[in-house]
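The values are calculated or read from the model by the stated rules, or taken from the named source; none is laboratory data. Just so it is clear, the model here is predicted, and its values are computed rather than measured. A quick note on method: Cβ atoms are made from the backbone with ideal geometry, for glycine too, and the neighbour counts reach across all protein chains shown. Heads up: the accessible areas ignore ligands, DNA and RNA and are worked out on the full protein's heavy atoms, side chains in. Shrake-Rupley method; radii C 1.70, N 1.55, O 1.52, S 1.80 Å.
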Amino acid sequence: MSTTTLDTLTPGDTATIAATAGDDAPLLRAMGLREGMDVTVKRTGEPCIVEAGNTRLGLARAMTGDIEVIPHT
Amino acid sequence: MNQGEPSNHAGQDLDGPVRTVALVGQPNVGKTTLFNRLCGLRSHTANIPGSTVEAQVGRWGTSRVIDLPGTYAITLKQPEATVVRECLSGQRSDAFTPTVVLLVLDATSLQRGLHLAIETLAFGLPCVVALNRVDTARKRGFEIDERRLASWLGCEVVSISARSGHGVNHLQPAIAGARVCDAPLPNTDDPGVCDDWVDGVIRESTPRPPVLAADHLSDRLDIAFTHPFLGVLVFGLVMAGLFWTIFAFAAVPMDLIDTIFGHVGGWLASILPAGDLRDLIVDGIVGGLAGTVVFLPQILLLFFLIALLEDTGYLARAAFVMDRVLRHFGLPGQAFVPMLSAHACAIPAIMSTRLVPDRRDRLAVILTAPFLSCSARLPVYVLLIGVMFADQPVIAGVVFAGSYALGIIAALGSAFLARRTILPGTARPMVIELPDYQWPSITAALLTCWDRGWLFLRKAGTVILGMVVVLWWLSAYPKAPEAAPTAPTAIAATVAPESVAPSPMEYSFAGRIGKAVQPVFDPLGWDWQLTVGVMTSFAAREVFVSTMAVLVGGGDQEDHAVLDRIAHAKRDNGQPMLTTETSASLLIFFVLAMQCLPTLAVTAREAGGWKWAAIQFGWMTALAWGGAWIAFRVVIAAGGT
């Protein structure tokens, strides 16, 4: 399984979070973007919208670039 | 405009509560809705000692309830998390040390909430878990077995709907019998173990598969509301509607307040014997309070509408959309809420910058928010634009809108500069939760309104009243020898250019200071009277109109006759006091200048030092002087009056 970062996905794509990096990793984890969680990209752009569980988050690309994911095929 | 500060004596009016209950939860879980349902009007905003974070404190039966700030995790480095951590560990004052924790979890985002539960329970305080929004979760096919959840968490779990009130009556007995968690909890330092534990809890206490159906309404609305172009358009329409509502609906109560104060002043003037005491009460206290309290309807409406918008979930989308725009000026999307509030009053706006997570971002918002035209500038705009364009309502409207636009441009431009000089860097990358859309709660919005209105009135009754009395004293003393027998209201000397003896106002401290300072403002075309008016308005802008009324004589009620007198007042040399060019320079000055002592005090407190207030004051005043000079010169070049 190859990993990529969350900012490379397109709307409607789903993926499983593999790792979160950067200074804001604790906040992202607390907001629901934890390793092993499935995420769906709702809107791309700057900022973008992703959904994890029932949590919908608006995230800057600087954040999504720090989130490593395994895309679902 | 002046909005109150939260009190620092939380709960002194609440005698002998049996226990202190702290509400802990993540943002958007319905914590505040629950607080409002429990305490209703028996609550007030309080500053948590030793921090810039505020919390609602209220009374619920025999309990004192503290609505601690929402935080995603207690271990984060954000100020909200720090405050929650310190309150739970008893490091704040006794008044903010809970004896019982009421942990609010959202049934629709249980996984996230359980991580906060581990951190909270680890403090070893008696705890009850309120599982909110169970009705919504159930509708979307997600059932939670509260008994199993309770056995995992080692404390009582009560399923509730804070919005409908369902199950809330079970909280009181649960709190009375709250116990310290008696179940084995994972070590908070080991994220892997915590993740496994949370997965286990969800697996055991929910039906399989634990899947929540999607919220289609939010999906559909977000297509429009978060769209790069459509979203900005919607935002523009919402804001236009908001301001239209505020100005349209506030006009009637504002007139009413004005009339009531006018009658009270008139009545007091008729029953009190002429003299200093009457002048102090009628001109100083009643007149000064009228000029402040008259903005109460606008403040109430603004907070009511913002609370409604926030409750629907739209405000988070607006911040999301505005992030794209504000980022170019070095401001984060979250800055738009304070910037919106600043159009009513800079003080609550600066206080609401606590929403902005990054310190430098927050400082940039605090420093620039007072550029936005607050409602205290309104009467001044009305006066000056009325003088300039008396018979041209269309041009007057355009100039009016232009004044607001100039404030916005100055704020954004200053933020842009600040991010390249004193606050280097770019705005913190956006991370914002977009909660599900829902119908707003009118009750909750009314409670917010009541709370904010009360803070504002308290401010008006203390700080502003004090300033008004000082200003009155400065303009009434020392008495001019052989002047008219009574105080400034009786002066008409300004229309008599030949008069040799100085008028009482000229002779007073305010007049002397005005004359001494006037050369500074001479390039802007102001005489000593306008200088006094502008200087007194440094305490609070709205004072300008009443000061000018006092200067030109004839009572300080802001009725049309007084505005007319100001418009046609003369200088010492017989020339008109207000010409098109002096009105233009004054208008620009009032748009840009920092003329509000309470705002400076709040800036110093929120930014963490008087240095920031000094920077704000210096920059805004310099820009205002420069802008006013340009306006003066441009109007003269264009023909003037």
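From the list B:L592, B:L623, B:L597, B:L587, exactly one residue is touching a helix residue (DSSP H, G or I) at 6+ places or on another chain (Cβ under 8 Å) and surrounded by fewer than 19 Cβ atoms within 10 Å (Cβ to Cβ). Which is it?
B:L597
Would a scan of the range B:361-379 turn up a residue that is among the small types (G, A, S), modelled with pLDDT of 85 or more, in contact with a Gly (Cβ under 7 Å, 6 or more places away or on another chain) and under 26 Å from B:L597 (Cα atoms)?
yes
Among B:V180, B:V198, which is under 20 Å from B:G124 (Cα atoms), at the interface with chain A (Cβ under 10 Å from one of its Cβ atoms) and touching a residue at least 40 places away in the same chain (Cβ under 8 Å)?
Just a single option satisfies the conditions, and that option is B:V198.
Go through the range B:410-464 and count every residue that is among the β-branched types (V, I, T), open to solvent by 20 Å² or more (accessible area, probe 1.4 Å) and within 14 Å of chain A (Cβ to nearest Cβ).
Qualifying residue count, the range B:410-464: 2.
From the list B:I66, B:I74, pick out the single residue that is surrounded by 20 or more Cβ atoms within 10 Å (Cβ to Cβ) and part of a loop (DSSP other than H, G, I, E, B).
Unique residue meeting the criteria: B:I74.
Output yes when any residue across the range B:241-260 is of a type in the set (S, T, N, Q), over 32 Å from the mean Cα position of the chain (by Cα), under 30 Å from B:P379 (Cβ atoms) and open to solvent by 50 Å² or more (accessible area, probe 1.4 Å), and no when none is.
Within the range B:241-260, not a single residue is of a type in the set (S, T, N, Q), over 32 Å from the mean Cα position of the chain (by Cα), under 30 Å from B:P379 (Cβ atoms) and open to solvent by 50 Å² or more (accessible area, probe 1.4 Å).
Inspect the range B:305-320 for any residue being open to solvent by less than 20 Å² (accessible area, probe 1.4 Å), part of a helix (DSSP H, G or I) and more than 22 Å from B:S441 (Cβ to Cβ) and give the result as yes or no.
Yes, because at least one residue in the range B:305-320 is open to solvent by less than 20 Å² (accessible area, probe 1.4 Å), part of a helix (DSSP H, G or I) and more than 22 Å from B:S441 (Cβ to Cβ).
Could you check the range B:96-114 and list, in sequence order, the residues that are open to solvent by less than 40 Å² (accessible area, probe 1.4 Å) and either within 11 Å of chain A (Cβ to nearest Cβ) or in a helix (DSSP H, G or I) (or both)?
Scanning the range B:96-114 gives B:F96, B:D106, B:A107, B:T108, B:S109, B:L110, B:R112, B:G113, B:L114.
Counting only residues that are free of Cβ contacts under 8 Å to residues at least 24 places away in the same chain and closer than 19 Å to B:A567 by Cα, which one in the range B:508-546 is surrounded by the most Cβ atoms within 10 Å (Cβ to Cβ)?
So, considering only residues that are free of Cβ contacts under 8 Å to residues at least 24 places away in the same chain and closer than 19 Å to B:A567 by Cα, the one surrounded by the most Cβ atoms within 10 Å (Cβ to Cβ) is B:G533.
Would you mind listing the strands (runs of 3 or more DSSP E) fully within the range A:21-73 where at least 1 residues are within 7 Å of chain B (Cβ to nearest Cβ) and small (G, A, S)?
Fully inside the range A:21-73 and qualifying: A:55-59.
Identify all residues within the range A:16-33 that are open to solvent by 30 Å² or more (accessible area, probe 1.4 Å) and under 9 Å from the mean Cα position of the chain (by Cα); write none if there are none.
A:T16
Name the one entry in A:E46, A:E51 that is open to solvent by 10 Å² or more (accessible area, probe 1.4 Å) and touching a strand residue (DSSP E or B) at 6+ places or on another chain (Cβ under 6 Å).
A:E51
It is to be established whether one or more residues within the range B:345-356 are closer than 18 Å to B:L434 by Cα and open to solvent by 10 Å² or more (accessible area, probe 1.4 Å).
Scanning the range B:345-356, I find at least one residue that is closer than 18 Å to B:L434 by Cα and open to solvent by 10 Å² or more (accessible area, probe 1.4 Å), so the answer is yes.
Among the residues in the range B:328-340, are any open to solvent by less than 10 Å² (accessible area, probe 1.4 Å) and farther than 28 Å from B:L597 by Cβ?
Yes.
Restricting to the range B:264-297, and then to whatever is open to solvent by 10 Å² or more (accessible area, probe 1.4 Å) and under 15 Å from the mean Cα position of the chain (by Cα), can you tell me which residue is nearest to B:T226 (Cα to Cα)?
Among those that are open to solvent by 10 Å² or more (accessible area, probe 1.4 Å) and under 15 Å from the mean Cα position of the chain (by Cα), it is B:P297.
Which of the numbered conditions does B:A213 fail, given that it passes all the others? Conditions: (1) farther than 28 Å from B:C449 by Cβ; (2) surrounded by 15 or more Cβ atoms within 10 Å (Cβ to Cβ); (3) within 11 Å of another protein chain (Cβ to nearest Cβ).
So the condition that B:A213 fails would be (2).
Taking the range B:161-194, which residues are open to solvent by less than 30 Å² (accessible area, probe 1.4 Å) and either outside any loop (DSSP other than H, G, I, E, B) or modelled with pLDDT of 95 or more (or both)?
Correct list: B:V168, B:L171, B:A174, B:I175, B:C194.
With the requirement that a residue be surrounded by 22 or more Cβ atoms within 10 Å (Cβ to Cβ) and touching a Ser or Thr at 6+ places or on another chain (Cβ under 9 Å), what does the range B:563-581 give you?
B:M577, B:E581
Only one of (1) over 30 Å from B:R163 (Cβ atoms); (2) part of a helix (DSSP H, G or I); (3) within 22 Å of the chain's Cα centre (by Cα) fails for B:L301. Which number is that?
Failed condition: (1).
Sort out which residues of the range A:1-20 are assigned to a helix (DSSP H, G or I) and touching a residue at least 12 places away in the same chain (Cβ under 8 Å), and write them in order of number.
A:L6, A:D7
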